[in-house]
There are 2 protein chains.
Amino acid sequence: MEIKNKKWILKERPQGLVKDSDFELVTESLPKLEEGEILLENLYLSFDPTQRMWLNDLPGYLPPVQIGELVRSGGMGRVLESKNPDYQIGDLTFGFVGWQTYCLTKAEGNDRFRVVPELLPIPTMLNVLGTTGITAYYGLVELGKPQPGETVLVSGAAGATGSVAAQIAKIKDCHVIGIAGGKEKCNWLKKCGVDEVIDYKNTNVHEELPKIAKNGIDIYFDNVGGELLETVLYLINLNARVLLCGGISSGYDSRNLPSGPSNLFALIIQRATMQGFLVLDYLPKSQKAMEEIATWIMENKILHREDIQEGIENCPQTLNRLFTGENKGKQILKI
Amino acid sequence: MEIKNKKWILKERPQGLVKDSDFELVTESLPKLEEGEILLENLYLSFDPTQRMWLNDLPGYLPPVQIGELVRSGGMGRVLESKNPDYQIGDLTFGFVGWQTYCLTKAEGNDRFRVVPELLPIPTMLNVLGTTGITAYYGLVELGKPQPGETVLVSGAAGATGSVAAQIAKIKDCHVIGIAGGKEKCNWLKKCGVDEVIDYKNTNVHEELPKIAKNGIDIYFDNVGGELLETVLYLINLNARVLLCGGISSGYDSRNLPSGPSNLFALIIQRATMQGFLVLDYLPKSQKAMEEIATWIMENKILHREDIQEGIENCPQTLNRLFTGENKGKQILKI
């Protein structure tokens, strides 16, 4: 049986939001498997802001996607064929499947896949039990060390990572302030139990935040970067922890860097820490996070939602939804 | 015996470098001691950049000096009279003596004094065994955790704190790059054993640093703040530690804040930490640092120098020397 794979390759480096014409959707016939290889049928793609960064020609924590190469993306696929003893036909796997309908791979190095038990619907697993949930867990719990009664601020709070971070902070008995764009997202955050919600699209967040964060800020889980950080630094408490998870406000386009906060000095006055982290470092020990998050989901302590687009041809526009803020919850594409 | 005390009080809040006319030098007769009080003859004043910040009307880690109040300053004095059982006549004491010739105090709270053994000349004790040495020790050793072979960058490296930090980094078998202003300071740093020295007054440090820091930067001990941090962030290695010790480039004048680095994103890519700290937090456990530093001084592993001005009337201009870079080593004033 000959298998036709449809895949998106990078044609030129995008500027700002991506255009379909930055890529090319090509169809290829897949060869027969060689020893050690597996063939996956890709089921769902995960869309994360970091994917946009991989399209820039800059050194990062992973090499940039090169012109002519398949666009890198996490996702879930099912093993159709296997000549690799680590994978059985029918296994559900998580890893870098890429923007394509099938994935033929040696499953080595960064292309290794994790075989996952089918506990929950796949989109849910890609969300709260995927990299987004694990990012939130390790960033907030391990680095932030939230203490009962502390004030935790989360930006991008209605996003896949932010909403889990905010809800874990509630579970840890913190007072949680969430910032999100638009009434719909803010209402959803209130449903999630977030104590105070600021709608940055309909209020001046720089004026609102100091009024709302009356007791200062102990932990800032930052998904957006940019100007907001300066406002937050004026409000941090002694020994505050600023956790840099992402910088969506820059569009993840390195040509569009905002100037930084003029008051880093606040970190000295308050003996505070600012720390960047990447989920990659925590994947080897993700089991603990997944088990705890799964328990919280079953106990209804963590609400989640997925925004599921459909069709391989919609990959580029689905990526943009993360940066326009159109996505309602974890951005996923069903192939 | 009536004692006349000469003291500098704050008359108006300075802008940028201080002027004599921002202060007033007044003479007062001191009253007799009451129960619990001590009278010190002030011997040497310590000048530190943070003193300039206390003159701003902004909340900080210590309350601002108010208009009409004595200017706050660390220093050493000798006990002339005591009605406090914790202090004996003749004791040499370290604490906030202020810009004055005598100090009559209850020695409570922030005005407590530490009785110090007379191991070394007083200016040396105020330097390497004083807050500057302790700052360098705890910042670099406890927070920076330098490992053999790592590259440590120190800005303000010829300053009192920077030079000790740079030399401790050498003791810890690191490769040390120091940045200082002017040939004289750079030559002195080379004598201290610093591996690479950049003279920011005679070269473009933003161009030189990337050439010299070929293996990247693992620890940045930052005394200057400002633009340099952005250049450094492009050069940090995985798990780098950026230690914010001070921001002399701002002149410690809150009306003169430089915009921050546009590339804080580097902290995410490199999973790096930026941390502010204050020596105040470490004073209770300063004994360990003092003993270790004293040993290194006796072994000639740490060179030090003091810049000693004289005369109480020169306090304001002596403070400015820290910001003009005129000081050669730890800035001290002999009363």
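Read-outs: derived from the displayed coordinates by stated rules, not from any lab. Bear in mind that the values here come from a model prediction, so they are computed numbers and not experimental data. As a convention, Cβ positions derive from the backbone with ideal geometry for all residues, glycine included, and neighbour counts pool all protein chains shown.
Here are the numbers for this structure:
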item: Position B:E310, label points 7 Å along Cα→Cβ, spacing to each other copy in nm (shortest first, one decimal); result: 9.0
item: Cα-based shape type of segment A:131-280, given that a ≥ b ≥ c are square roots of the gyration tensor eigenvalues and the cut on a/c is 1.5; result: rounded
item: Lysine pairs within segment B:131-280, Cα separation less than 22 Å, 8 or more sequence positions apart or different chains; result: 23
item: Minimum Cβ-to-axis distance in chain A for the rotation onto chain B, with residue, whole Å; result: A:G260, 1
item: DSSP-loop GluC sites (Glu not before Pro) across segment B:1-81, with at most 10 other Cβ within 10 angstrom; result: B:E2, B:E34, B:E35
item: Prolate/oblate/rounded label for segment A:222-335 (Cα gyration tensor, a/c 1.5); result: oblate
item: Inter-copy label distances at B:S29 (7 Å, Cα→Cβ; nm, one decimal); result: 11.1
item: Size of charge dipole - segment B:144-265 - debye, nearest 20, with Cβ of Lys, Arg +1 and Asp, Glu -1, no other charges; result: 280
item: Summed residue charge, Cβ within 12 Å of A:S46's Cβ, Lys/Arg positive, Asp/Glu negative; result: 0
item: Using a 7 Å Cα-to-Cβ projection, A:Q66 label spacings across copies, nm, ascending; result: 6.9
item: Other protein chain Cβ atoms within 10 Å, averaged over every residue that makes up B:269-280; result: 6
item: Simple spin-label estimate for A:T324 and A:Q88 in nanometres, 7 Å along Cα-Cβ; result: 4.4
item: Between segment B:254-303 and segment A:261-314, the Cα center-to-center distance that results, in Å; result: 29
item: DSSP-defined beta bridges in chain B - what % are antiparallel, rounded to 5; result: 55
item: For the protein assembly as shown: rounded, prolate or oblate by the Cα gyration tensor [a/c cutoff 1.5]; result: prolate
item: Separation of the B:K201 and A:S262 label points, Cα + 7 Å toward Cβ, nm; result: 2.8
item: Net charge of neighbours whose Cβ lies under 9 Å from the Cβ of B:S82, counting Lys and Arg as +1 and Asp and Glu as -1; result: -3
item: Value of [θ]222 nm, deg cm²/dmol, for the protein assembly as shown, DSSP H segments ≥ 4, -39500 (n - 2.57) each, nearest 500; result: -6500 deg cm²/dmol
item: Least to most buried among B:W99, B:W296 (fewest other Cβ within 10 Å first); result: B:W296, B:W99
item: Under 14 Å, Cβ to Cβ, from B:N215 - net charge with Lys/Arg +1 and Asp/Glu -1; result: -2
item: Separation of the A:N215 and A:L303 label points, Cα + 7 Å toward Cβ, nm; result: 2.4
